[in-house]
Each structure stands twice: as structure tokens, then as C-alpha cells.
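The values are calculated or read from the model by the stated rules, or taken from the named source; none is laboratory data. The model shown is predicted, which means the values in this text are computed figures rather than measured ones. Surface accessibility is based on the protein's heavy atoms, side chains included, excluding ligands, DNA and RNA. Shrake-Rupley method; radii C 1.70, N 1.55, O 1.52, S 1.80 Å.
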Amino acid sequence: MSKSVATVECMTNNPSQNNQAFTAEDLKPLIAEQMGFVKEALTELVAFQSVHSVPGLEEHNANAAQWVIDAYREVGIPVEGHDTTDGAVAVIGLREAAEGFPTILLYSHYDVQPAGDVSEWTNDPWTLTERDGRWYGRGTADCKGHVVLHLAVLRAMNKLIEQGHEELKKIGIRVVVEGSEERGGYGLEDLLESNPELFEADTFMIADSGNDSIGVPSICTALRGSSPVTVSVRTIQQPMHSGQFGGAAPDALLELIKLLSTLHDENGLVAVEGLKPTVHWDGVGPDEATFAENAGVLDGSNVIGTEQGFKPNDLTVMNPSITVTGLDSLSVDDAINAVPGYAAAVVSLRVPPGREPQECQQLLIDHIKSQKVNGIVEVENGSLAEAFSADTSGPALQELSQSLSDVYGQPTVEIGSGGSIPLTNKLLSKYPESELALYGIEEPSCRIHSADESVSPAEIEAIATAELLFLARSAAKSGN
């Protein structure tokens, strides 16, 4: 029998002992026992093609939501499905806290990004596959892995309660599992606005982030916001024969390409006035070589900004970035000998902490409209999302940081991310006295949003252990 298991049993025989005695080594065996369940549950959940708002996938989304409802009810959280204004189902429930004990909200989302070009995947994206010690499949990391992680923690907590640690039953557990985070999100924000009581908690545990690298415990303290636009160019009424009209008829795609090329300078840096990079990130982040490896930068391409004195996280966290994330025109496979009359692009603008999304969006629009284009240009505003900057000085965040450090055996670092989670600011605006933590299993090797998305089971196990340790220590402190 291992020393850690013996410690758990010793504590079980003395339930009146101070639960502050819980250590990472005490709890690691309990989470290790759950890893078989984690793999089985994640296999089931990944099989649902739960891409929000895609026609034909309604049954997949509904079945995924029901799976989540059944799974959380099974571990003792009385969740219900809530229809949201964007057509998704949010799964929300609360196990009430005893007097004097905090309520902890555990967040995740069951919707995922589309698989994209399935031919780029090594295996079927909707079938969990194990290779080289990692689990592959759409949503394994973002964010179905977190849905299952919370379940594993609650199952382990229930086992501790059965062993006599009644204080753990007194802590309040609120569960929020979103159904449209990747392709919508405003539905949950609308629900928060209309029914804030469904979200009330002392600490919001947002499991939709990750470590700076495998084995380095991290808490995310900065997120960029989002201010996208869709820009379109029309030049002629319809595509016209390129032999008869090419050379004189204005080409909509070429005009759009020329327009998009003005968004960056010759070094690849944002060139829009008011959005040019000027700020540097003083937190932890990858060096150029590590970033290139994480991003899969090919030989012959260079990481942007290094020759101009910028580190990768300067440009991915603290400054605006502009990326063309979608393009409408004639596809290569369907190419015809015709001059395009219409072309459009989605221009994703990420907004750093300290900048207003609407102001930045307007700067981008002003730039687009100021360019000389041989055609009719239209710009459609996308949904805005505010940037987020975390306060890690509160007791709950300090406790989580210590729990992560204890599990990993090294100090927890603070990191930034270029992603957006609009819910973070909305929650704190409703409950300003609460604390909010961003953490999770999405380290760079996961390749979230890309082909061959994967997760490290070891990261799930470690983060789950830290979450359980945090909950156990929070209960112990309240019970004293």
C-alpha cells in the first residue's frame, strides 16, 4: 500500500481531524482512480458533434446537453437545462452551501468548434483516439475535457464524504455548462442578465484555459477581447467570362486582397492607426523558438515582430491583432474562368486589456473605409467582447495557486492569453465581491480549434487533483 493511500485511510478513520491536513499526495490516488471514468466519459462526450447553430446538428447538441444533465445529476448536483436566447441549452444547477460555507461555481462548455477539413485529422475527429500518451478528438481539451474533469473531481469528493469528511458536503457547488461558447455565447450572457441568481457564487472557477506548457502550473490573468467585422467588396453584377472581360472588368477578390493587405505593414505588424503595437507583456510567456514550435511555424516562415523587438506574448496578449479568419469567393476546386464580382472576409480583431472593444472596432472600420477600392465596400460589425484582467490577490485565488503548486511541485505562474471569454467580466460585474479564476488543461500542445486537437491525461489528472485540493481546503477553512 502506498504512503499516500495510507494517509487517506488514516484521515478517514479520524473524520474529526482538521481537513486542512489534506495534501496533494493525499488526494492524488483518489483522482488517479477516476481516470478510467474520465476516458470513458470523454469518449462518449466527444462522439457528439455539438457544434452550436449548425443546421443538421441539432440532435447532437440536444443529446450532448442531456448527457451533461444526466452526468451531473448522477454526482449529486441537481442541474437543469435552460434554453438561451441564441438557441443553445445551458446546464445549470446548485448544491446548496451550509451556513458559513462558500459557494464555488464550476464552469465549462460542451459545445465545440467545427472539425474543419476532416482529411487533415489523423483519425475521425468525433472518435476519441489514443496515440503517444495523448487523447485525440474534437473537444478533448476545449472544453469537453473540462466538463469531465469537474465530474471526476465531484466523484472523488463524494468518496471523501462517504469516508467521513462531512465538511466537504457543506461547501456549495454550482455548475454552469455552456452550450454556445464557441459560436455565440451571448445566450448565456443574456441569461446572466435576466436571471443572475443562477450564477451567484463566492468564487467562479472558469476551467477553459491552461498551463503555459505541460507540467507548469498556471493561472491566466489576462484575456483579450474581440471586435470582429465582416468586409465585402462588389464590383460587377455577377461573375463574367475572364477571357471576354478579364483585364478590364474590376476583380472583386483582387480588390479585397489589396484592401486586406493594408491592415499590416511589411513586417506583418498591425498597421491600422491607433491599433499599432506599442505595449510589452511583463508576465511569463514562450520565447521565439518555443512559440514557433507550439504554433507549428514552418521553415521559411518567421515569428512576427521579433526583429522589431517584440516577444510573442507582446503581440498575442498585450496588443491588438488582426487575422482574416474566413474568406468568401470562388473555391480552388470549383474555379471557373470568370472574373469574381463579389468577395468577403471575416476580419478578427483581438483587443488587449485596457482597450475598449467598440473604440478599436471603429478604428478598424475607419481604416477600411478610408482605403481606395475600385468597388462597393460594405462593413458589418461583429459582436463585441471585452478584454479581461484578473486580480489574483484574493484568498481564493491564492489558495488555488498554492494547490496547483503543491500538485505540480513548483510555483504557479501567471500567464496571459489572446483568447476571449466574455462571461468573465459579466460575472464580476454582477458579483464584484467574488473572485474569478481562469485555469485548465489547454496547454499549447493541445492544438485547440485545429485538426488533431488532443489533451494530455496527465494534465487532466493534475488539474483535477488541484481543483479537489482547493475545494477540500476551502471547506476546511470554513469549517474551523
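For the range 282-338, compute Rh as the Kirkwood radius over C-alpha pairs and then the Stokes-Einstein diffusion coefficient at 10 °C and 1.306 mPa s; write the answer in µm²/s, rounded to an integer.
For these conditions, the coefficient is 113 µm²/s.
Give me the tail of P(r) for the range 146-243 as a percent: Cα-Cα pairs with distance above 16 Å.
76 percent
How about residue 311: which lysines have a C-alpha closer than 17 Å to its C-alpha, ignoring those fewer than 8 places off in the same chain?
276
Would you kindly derive the ³J(HN,Hα) couplings of the range 164-175 from the backbone phi angles with the Karplus curve 6.51 cos²θ - 1.76 cosθ + 1.60 (θ = phi - 60°), listing them in order in whole Hz, with x for Gly and Pro?
For the range 164-175, the Karplus curve yields x, 8, 5, 4, 5, 6, 7, 6, x, 10, 10, 10 Hz.
Kindly provide the Kirkwood hydrodynamic radius of the range 375-480 in Å, to one decimal, from all pairs of distinct alpha carbon atoms.
Computed over the range 375-480, the radius equals 16.5 Å.
When only Cα pairs under 8 Å and 6 or more residues apart are kept, what is the percent relative contact order across the range 281-330?
38 percent.
Determine the relative contact order of the chain: mean sequence separation of Cα pairs under 8 Å and six or more apart, normalised by residue count, in whole percent.
In percent, rounded to a whole number, it is 25.
Tell me, what is the percent relative contact order of the range 92-194, built from C-alpha pairs under 8 Å that lie six or more residues apart?
47 percent
Given a 1.4 angstrom probe, I'd like the percentage of the accessible area of the chain that is carbon and sulfur, rounded to a whole number.
Exposed carbon and sulfur together represent 48 percent of the surface.
Per residue, how much accessible surface does the range 149-279 expose to a 1.4 Å probe? Answer in Å², no decimals.
I get 39 Å² per residue for this part.
Two decimals is fine: what is log10 I(q)/I(0) at q = 0.07, 0.13, 0.14 Å⁻¹ for the chain, from a Debye sum with one equal scatterer on every Cα and no solvent?
Debye curve over Cα of the chain, log10 I(q)/I(0) at q = 0.07, 0.13, 0.14 Å⁻¹: -0.40, -1.26, -1.43.
Which shape class, rounded, prolate or oblate, goes with the range 275-405 when its Cα gyration tensor gives a ≥ b ≥ c as root eigenvalues, a/c under 1.5 marks rounded, and past that a/b bigger than b/c marks prolate?
Note, shape of the range 275-405 comes out prolate.
Please work out whether the range 95-190 counts as rounded, prolate or oblate from its C-alpha gyration tensor, where a ≥ b ≥ c are the square roots of the eigenvalues and a/c under 1.5 means rounded, while otherwise a/b larger than b/c means prolate and anything else oblate?
Cα axes put the range 95-190 in the oblate bin.
Working with all protein chains in place, sort 144, 372, 39 by solvent-accessible area computed with a 1.4 Å probe, largest first.
372, 39, 144
List, in order, the whole-Hz ³J(HN,Hα) value for each residue of the range 101-113 obtained from phi through the Karplus relation with A = 6.51, B = -1.76, C = 1.60 and θ = phi - 60°; use x for Gly and Pro.
Here the 3J(HN,Hα) series is 10, x, 10, 10, 8, 9, 9, 7, 9, 9, 7, 9, 6 Hz.
Share of antiparallel DSSP beta bridges in the chain, in percent to the nearest 5?
Given both bridge residues lie in the chain, the antiparallel proportion sits at roughly 65 percent.
Using only the Cα atoms of the range 432-480, build the gyration tensor, take square roots of its eigenvalues as a ≥ b ≥ c, and label the shape rounded, prolate or oblate: rounded if a/c is under 1.5, else prolate if a/b is larger than b/c, else oblate.
Oblate.
Among the listed pairs 170/477; 430/477; 144/170, which have their C-alpha atoms separated by more than 21 angstrom in this model?
In this structure, 430/477; 144/170 exceed 21 Å between Cα atoms.
Quick check: the distance between the Cα centres of the range 305-368 and the range 19-98, to the nearest angstrom?
34 Å
Considering just Cα atoms, how many Å³ per residue does the convex hull of the range 199-282 enclose?
Roughly 263 Å³ of hull volume per residue.
Can you give me the angle between helix 144-162 and the longest principal axis of the chain, using Cα atoms only, in degrees from 0 to 90, rounded to the nearest 10?
10 degrees
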